[in-house]
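Some notes on the structure that comes next.
Coordinate-derived values only; no laboratory data. Here the structure is a predicted model, which is why all the values come from computation and not from measurement. Don't worry about glycine lacking a Cβ; one is built from the backbone with ideal geometry, like all the others, and counts go over all protein chains shown.
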There are 2 protein chains.
Amino acid sequence: MNFHYPNGKKYIPQKKETIRIKKEKKWSFSNRGMTLEEDINETNEYYLAHGIAVIHKKPTPVQIVQVDYPKRSAAVIKEAYFKQASTTDYNGVYKGRYIDFEAKETQNPTSFPLKNFHEHQVKHMELILEQNGICFVLLRFSASEEIFLLDAKHLLHFWKRMKEGGRKSITKEEIIENSHPIPLGYRPRIDYIKKIDYLYNL
Amino acid sequence: MNFHYPNGKKYIPQKKETIRIKKEKKWSFSNRGMTLEEDINETNEYYLAHGIAVIHKKPTPVQIVQVDYPKRSAAVIKEAYFKQASTTDYNGVYKGRYIDFEAKETQNPTSFPLKNFHEHQVKHMELILEQNGICFVLLRFSASEEIFLLDAKHLLHFWKRMKEGGRKSITKEEIIENSHPIPLGYRPRIDYIKKIDYLYNL
């Protein structure tokens with residue numbers, strides 16, 4: 001069984017090991033070491049604090065198997081497993097409209113591999129578009145630090161092409177042609193709502 | 001520290017104990033033993049399968065502390081804690097509009113205790129209304145099996161009354177006056193979207 005980290009990276013087990021999760025990083029002024037997820041979370045906090053939009057990251061889905069209730073202290077989950085998410089990671093509301101997106105990054109400088117997405121996530125995006133929701137992906141090329149907003153309808157097109165035997169990635173040229181670059185800012189870091197407001201005439 | 005189950009009930013620890021979580025109940029044709037949550041999940045599955053709306057329950061938020069990666073098998077979470085949710089449990093899209101709600105039940109036959117809600121959830125509802133999202137609570141009186149849809153603006157009113165020293169619950173009469181009953185159906189079980197469609201002229 002392939003296990004994927006919540007960030008989509010595949011974990012290849014070498015030997016039994018135990019990992020203690022570090023405490024969440026504090027927000028810093030420099031972008032050094034900040035992941036796409038941290039940038040988006042910071043952006044969403046900015047939107048929330050300024051009454052611009054209410055967008056949250058969904059919790060990582062976990063199947064809980066065993067819980068201990070020690071005397072006079074908090075319940076401890078002693079056995080649980082990561083479940084595959086059936087939706088995208090982020091959703092919320094902007095001017096009454098439903099907003100839904102997934103964010104992914106690649107170290108590949110020339111194309112965006114479609115293996116970053118799962119079948120059920122793409123299906124979810126299709127259903128959102130059918131319900132007239134605003135659905136997109138934020139794609140980040142980590143080498144060049146470029147971020148693009150690609151409407152889900154284009155992702156569905158490239159996904160379909162792959163399913164029909166075509167290439168397993170979206171070329172950088174195709175992304176440039178079909179998506180909208182989002183310049184990295186200071187506050188907010190990734191102002192995707194500004195782009196959405198413009199693109200959808202909200 | 002007070003620990004609350006995801007269903008809002010307070011857990012009073014008596015002694016150290018270990019609980020193994022039962023597998024999810026299978027959907028059955030009778031309503032015997034079905035909780036409000038199961039009824040809503042079944043309703044949402046119905047909406048999804050019939051292309052009516054895309055509404056999901058958010059995963060229970062968990063703070064993961066320690067993960068084991070056994071050789072050739074799935075990662076096991078060995079230590080984690082329940083985190084308090086910062087939003088409501090359900091959200092999604094219907095006809096492009098953002099839908100957000102919380103579902104609670106009480107065994108009290110004459111009033112609905114406000115302790116079923118948390119401060120931050122009520123704050124979240126306020127922010128959703130400011131963004132022109134559709135936000136409400138589904139209240140179930142388990143003794144009479146009655147379900148009411150109460151717009152979040154009314155909940156905010158009763159919450160404010162409590163904060164100003166008023167009663168800590170909403171009387172059944174106030175609920176009848178300000179909300180909309182949802183008859184329990186067969187498929188879907190709790191057709192709240194039909195009510196929303198009518199109430200908001202969607």
Subject >> Virtual spin-label span in nm between residue A:177 and residue B:157, 7 Å along Cα→Cβ >> reply: 5.6
Original post:
In Å, the Kirkwood hydrodynamic radius of the stretch B:87-202 over pairs of distinct alpha carbons?
Top reply: 14.5
Subject >> Position residue A:132, label points 7 Å along Cα→Cβ, spacing to each other copy in nm (shortest first, one decimal) >> reply: 1.3
Subject >> Relative contact order (percent, whole number), the stretch B:69-181, Cα cutoff 8 Å, 6+ residue spacing >> reply: 25
Subject >> Charge dipole magnitude, Cβ of K and R +1, D and E -1 - the stretch B:55-134, Cα centre, debye nearest 20 >> reply: 380
Subject >> Antiparallel DSSP beta bridges within the stretch A:67-202, percent to nearest 5 >> reply: 70
Subject >> Rounded Å value of the spacing that divides the Cα centres of the stretch A:122-144 and the stretch A:66-98 >> reply: 22
Original post:
Sorted from shortest, what are the nm distances separating the label point of residue B:168 from equivalent points in the other copies, each placed 7 Å from Cα along Cα to C-beta?
Top reply: 5.9
Original post:
Going by how many other Cβ atoms sit within 10 Å of their own, how do B:111, A:144 line up, fewest first?
Top reply: A:144, B:111
Subject >> Pairwise FRET efficiency - residue A:60 versus residue B:107, Cβ, R0 = 30 Å, nearest 0.05 >> reply: 0.40
**OP:** Rank the residues A:47, B:198, A:81 as a footprinting-exposure proxy: fewest other Cβ atoms within 10 Å of their Cβ go first.
**Re:** B:198, A:81, A:47
Original post:
If you take the Cα atoms of the stretch B:101-146, find Rg, then find the Kirkwood Rh from the mean of 1/r over all pairs, what is Rg/Rh?
Top reply: 1.05
Original post:
Which cross-chain or sequence-distant (5 or more) residues have an amide H under 5 Å from the amide H of residue B:146, H modelled 1.01 Å from N in plane?
Top reply: B:141
Original post:
residue A:115 label points, 7 Å along Cα→Cβ, one per copy: pairwise distances from this copy to the rest in nm, shortest first?
Top reply: 5.3
Original post:
Taking the Cβ of residue A:124 as the center, what net charge do the other residues with Cβ under 12 Å away carry, scoring Lys and Arg +1 and Asp and Glu -1?
Top reply: -4
